[in-house]
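Contents: one structure, followed by commentary.
The values are calculated or read from the model by the stated rules, or taken from the named source; none is laboratory data. Note that this is a predicted model, so its numbers are computed, not measured. Neighbour counts run over all protein chains shown; Cβ positions are idealised from the backbone, glycine included.
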Amino acid sequence: MTNPALPEDTPPALVARSVSKRFGSTQALSDASLEVRRGEVHGLLGANGAGKSTLSRIISGHVARDSGALEYRGKTLSPRSTREALDCGIALVAQETSLAPDLSVLENIFLPELGRSGRLSFPDMRRRATAILARLGRDHALPLDREVRSLSAAQRQLVEIAKALALNADLMIFDEPTASLSPAEVELLFEIIGRLRDAGHALIFVSHRLEEVFSITDRVTILREGRTVAASLGTASLTQADIIRHMVGRELGAIYATPGLDRAVTAGAPVLEVENLSARPLVRDVSFTLRKGEILGIGGLIGAGRSEAMEAIFAMRPRDGGTIRLNGREIAIRRPIDAIRNGIGFVAEDRRAQNIVPDLNVRENLMLAHLGRHRGFGLGYRQRQGRVAELLSQLGLPTDRMDASLLTFSGGMQQKVIIARWLLIDPEVLILDEPTKGVDIGTRSAIYRILRDIADQGVGVVVISSDFEELLGVTERVVVMSDGMTIADLPTAILTEEKLTLLAAPRTSTRRNRALLEALAQEYDAFAWWALLEDRSLICLGAAAAVGAPALDLRAGEAREHGETGIPAALAARSEGVVTEPESGLRSMMVALRNARGHDLGWVGLTAADGRPLPSADRIRALARDWQTDTHAQGDAA
Amino acid sequence: MSDASVNRPSGVRRLTRSLEVRMLGLALLIAVGLSLLSPYFLTENNIFNILDQSVVIGIVAVGMTFVILTGGIDLSVGSVAGLTGIVLGLALQELPIPVAILVAVASGAFIGLLSGVLVAFFGLAPFVVTLGMMAIARSLAYIFSGQTAISGIPDALSGIVYTTVLGIPANVIFLLLLYLAAWGYLTYTKGGRTIYAIGSNREAARAAGLNVMFYSILPYVISGALAAVAITFSIAQILSADPLAGNQMELDAIAAVVIGGASLAGGRGSIIGTLIGVLIMVMIRNGLNLLGVSPFWQGSAIGSIIILALLAERLFNWRASR
């Protein structure tokens, strides 16, 4: 999706040169440069903590730079506030939206105008809002009078975009815009971004999802540890491997102290078993088993209920059902201390809000879980002194800053201290929610090594991560959650980012596909299935059987060897025509699905008993196409 | 900041980084100033006067420190002092002195328990709960006393004030021991550190397994009980229990705690800072009396000094954070 109409010598709309910024003891940016033209989508890439968001926020006036130069349309730009940046025509469509949830869509779109003097004309605002949405090709996609609180994440984002356009924003920065969107919603967003580019806007697209970078950006600039390491490279000339090398400064495998997928076999007895856990409304039915010495990943989109499920296990939020067994014995966890006494540790997602006690020094933060578990009047710090020293050296933490405030440490160091807090109680199970969020790349690999080490010592480790790449690099097995339910439990070895994305899709976007399977199964008295095919195995994404149809051993969210499915011949042939199994006589046919952008959505197949008729491939394709357009329509209505 | 010493401050810098040290400096400054203005200020007699006047407010301020450290506030201490004073006066008519004191302190603790449960268990705002408790306690004080002061308190009660050990009055010794105990508790025990952790980050404290519920209630109980202890010392001096007693005491206590460096958001503050805050308050009042300033002007003077001290502190922190 490059823009061939764009002449090479188009003057840049925005130029940033040698921008630097320090937050406390963290040098967020040290020598960042960026050049963006009108009529292009410019990818701003980098690993977590590389400074992408900081640079975006400097350009959009959220934070002030320490040094360096910004030029916008040939003039020096020094926004002292977001208001000043907006007045110049620069808007940030933020990760966490800056909308007022209790105001209506219309009021939010024109929120900046509420701060200007003069009278507001609601009919006029309504007319302008309608025009803006029409320009985005999203007429009637937003109920203008609805409270923003009740909108979906995608709709809120649309409000943000409309809000930027209402101010005639010329340069728009999208900061991780797809983080909480379903695949269908991502498609819609990309369509909108494409329209904006064609209308001559300059667009900055901040992301670390490479697949998206390739499908939407024209050029990319890559940051690493606050520095621009690659400037304005044409996306078309790059490969994924190139970008990764720039982002991390070394080959990917080196970062994850790779688990050695072969280790999975050595994992021991189940240590933590969770069954039918529910904590409504966000957690509806969660079951998984964690073995000793294993690193288990919990994958899924933001909003799938992963953090909430872990918080429910740890009694940080009320549970309304489910059992938790530790080493085969059911345990009652009513308060976090019950979990701690049972040897479960939990590094919660939000470091600042849930883990750090800012007014206590590093030592006391480190000792906090020990203090919680300690029975006695005093502190009992001394008895843990030896273990503390051991942990400090193991984690590479400075020993001379124990009396300092934890807030003076970098994000990575803070996270190490929090992890050490839990290691100090010698847990049997350690749950970590987004353990590398806001952590620099060096510390990231140190954290992975720690996880590896404690798993090797027999601790069961659960890692929640929205970063699929991290999940695949660190874990041995992944449990996928969607809409508050565990829907898949698969060995990491057979997964890829694409497969995880498909598995993690919100059920609203897969419901129609399931309905399609159901309809096919009924119509042809057959077993209908939807799966990702590998050479020797498959991952089932959905299955439906009519009464009396052959019962294949395929269940959504599970992996099977071809030989175990009962239709190995058909799977080997991958034919749209009917294939008859030599042994059982089962007749199967299958069709490869692709979405509008050509992404592989797996295969839909039908298996019927001998003598039953099967439909033509075109018939299935037509039904599937209906499904896809329906998904679009649904995206509008959702 | 022009220098690069932010991370490794010199000795003096490190000292002035501690709020207690800065406030102690302010206290000394006030003492020097007042001794220059009034030759009587630094006499032994007056120093004992200041300590004596610090006892009642100092005791209440300890409880207030506990409450404020958890991020709460206790507006009811003055009224609770008034009510428990009446309880003490009535109890002394029937019961021996130690038992009567115990009854008064227990009733103060009970009121604190009510506030604490309403705040910590039911999640009501501390400001509102203790505001309500303030009105209730004052009204009960009037009802129980029949709207008049109770006199005829046994003389023997004054022994808790006028007994001296090595020349130091018993009430001053009690005050110092109380501060020592409170300091030790807040610094060296699980409960004390839990109180800090709750005020600093309740969610993290809970996640780490600390008993957030119990240690959110306890400070209110301590505060109520200490209000009763404070009024006991006051009654022992004047041998009369007045339903109006303790009026506006909460303001003095909160002011002392805040001058001592505590944050009303919780988590930050110290018992030593509170002691300094109490001494600053009492010295100013004492000094203004010595200088013959009209009592009507004293409120303005004390209020201005509180605000100026906090303003200076804020400006200092702004400068330090740039």
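Side notes on the structure shown:
- The set of residues from region B:246-269 being within 14 Å of another protein chain (Cβ to nearest Cβ) and surrounded by fewer than 21 Cβ atoms within 10 Å (Cβ to Cβ) comprises B:Ser263, B:Leu264, B:Ala265, B:Arg268.
- Per the listing A:Pro491, A:Pro550, the residue uniquely crowded, with 17+ Cβ neighbours inside 10 Å and touching a residue at least 40 places away in the same chain (Cβ under 8 Å) is A:Pro550.
- Checking each residue in region B:193-217 for being at the interface with another protein chain (Cβ under 7 Å from one of its Cβ atoms) and in a helix (DSSP H, G or I) picks out B:Arg193, B:Tyr196, B:Ala197, B:Ser200, B:Glu203, B:Ala204, B:Ala205, B:Arg206, B:Ala207.
- Checklist (1) within 35 Å of the chain's Cα centre (by Cα); (2) loosely packed, with under 13 Cβ neighbours inside 10 Å; (3) modelled with pLDDT of 85 or more; (4) assigned to a helix (DSSP H, G or I) applied to A:Arg126, failing item: (2)
- Within region A:503-520, one or more residues are free of Cβ contacts under 8 Å to residues at least 24 places away in the same chain, assigned to a helix (DSSP H, G or I) and farther than 26 Å from A:Val578 by Cβ.
- Top-ranked residue of region B:149-170 - restricted to ones that are among the β-branched types (Val, Ile, Thr) and in contact (Cβ under 8 Å) with a residue 60 or more places away in the chain, ranked as farthest from B:Phe233 (Cα to Cα): B:Ile150
- Residues in region B:137-148 that are touching a residue at least 40 places away in the same chain (Cβ under 8 Å) and of a type in the set (A, V, I, L, M): B:Ala137, B:Leu140, B:Ala141.
Quick grid of which residues meet (1) of a type in the set (Val, Ile, Thr); (2) part of a helix (DSSP H, G or I); (3) more than 13 Å from every other protein chain (Cβ to nearest Cβ):
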| residue | (1), (2), (3) |
| --- | --- |
| A:Gly372 | no, yes, no |
| A:Ala389 | no, yes, yes |
| A:Leu392 | no, yes, yes |
| A:Leu397 | no, no, yes |
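- Single match in A:Glu191, A:Glu160 (criterion: crowded, with 20+ Cβ neighbours inside 10 Å and charged (D, E, K, R)): A:Glu160
- Qualifying residues in region A:302-318 (those that are of a type in the set (A, V, I, L, M) and in contact with a strand residue (DSSP E or B) (Cβ under 8 Å, 6 or more places away or on another chain)) - the one farthest from the other protein chains (Cβ to nearest Cβ): A:Ala304
- Enumeration of residues in region A:319-356 that are within 11 Å of chain B (Cβ to nearest Cβ), β-branched (Val, Ile, Thr) and in a strand (DSSP E or B): A:Ile344, A:Val347
- Flag if A:Ile454 is over 28 Å from A:Glu176 (Cα atoms), in contact with a strand residue (DSSP E or B) (Cβ under 8 Å, 6 or more places away or on another chain), within 14 Å of chain B (Cβ to nearest Cβ) and not charged (D, E, K, R): no
- Test result for B:Tyr220, touching a helix residue (DSSP H, G or I) at 6+ places or on another chain (Cβ under 7 Å), within 14 Å of chain A (Cβ to nearest Cβ) and either surrounded by fewer than 23 Cβ atoms within 10 Å (Cβ to Cβ) or part of a helix (DSSP H, G or I) (or both): no
- Only strands (runs of 3 or more DSSP E) whose full extent lies in region A:255-302 are considered here, and the ones with at least 1 residues that are modelled with pLDDT under 95, more than 18 Å from A:Ile494 (Cβ to Cβ) and touching a helix residue (DSSP H, G or I) at 6+ places or on another chain (Cβ under 8 Å) are A:270-279, A:283-291.
- Selection over region A:7-46 of residues that are modelled with pLDDT under 80 and either touching a strand residue (DSSP E or B) at 6+ places or on another chain (Cβ under 7 Å) or within 14 Å of another protein chain (Cβ to nearest Cβ) (or both) gives a count of 6.
- Failed item, numbered, when B:Ala230 is tested on (1) within 27 Å of B:Pro39 (Cβ to Cβ); (2) surrounded by 22 or more Cβ atoms within 10 Å (Cβ to Cβ): (1)
- Entry remark, region B:66-116: residues being surrounded by 24 or more Cβ atoms within 10 Å (Cβ to Cβ) and of a type in the set (D, E, K, R) number 1 in total.
Quick grid of which residues meet (1) out of contact with any Ser or Thr (no Cβ under 7 Å at 6 or more places or on another chain); (2) crowded, with 23+ Cβ neighbours inside 10 Å:
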position	(1), (2)
A:Leu432	yes, yes
A:Asp453	yes, no
A:Val461	yes, yes
A:Glu470	no, no
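- Output for region A:68-124, where each listed residue is among the acidic types (Asp, Glu) and either in contact (Cβ under 8 Å) with a residue 40 or more places away in the chain or under 20 Å from A:Ile58 (Cβ atoms) (or both): A:Glu71, A:Glu84, A:Asp87, A:Glu96, A:Asp102, A:Glu113
- Members of region A:399-421 that are assigned to a loop (DSSP other than H, G, I, E, B), more than 14 Å from chain B (Cβ to nearest Cβ) and either surrounded by 15 or more Cβ atoms within 10 Å (Cβ to Cβ) or not β-branched (Val, Ile, Thr) (or both): A:Met402
- Qualifying residue in region A:440-458 (condition: of a type in the set (A, V, I, L, M) and either part of a loop (DSSP other than H, G, I, E, B) or closer than 28 Å to A:Leu554 by Cβ (or both)): no
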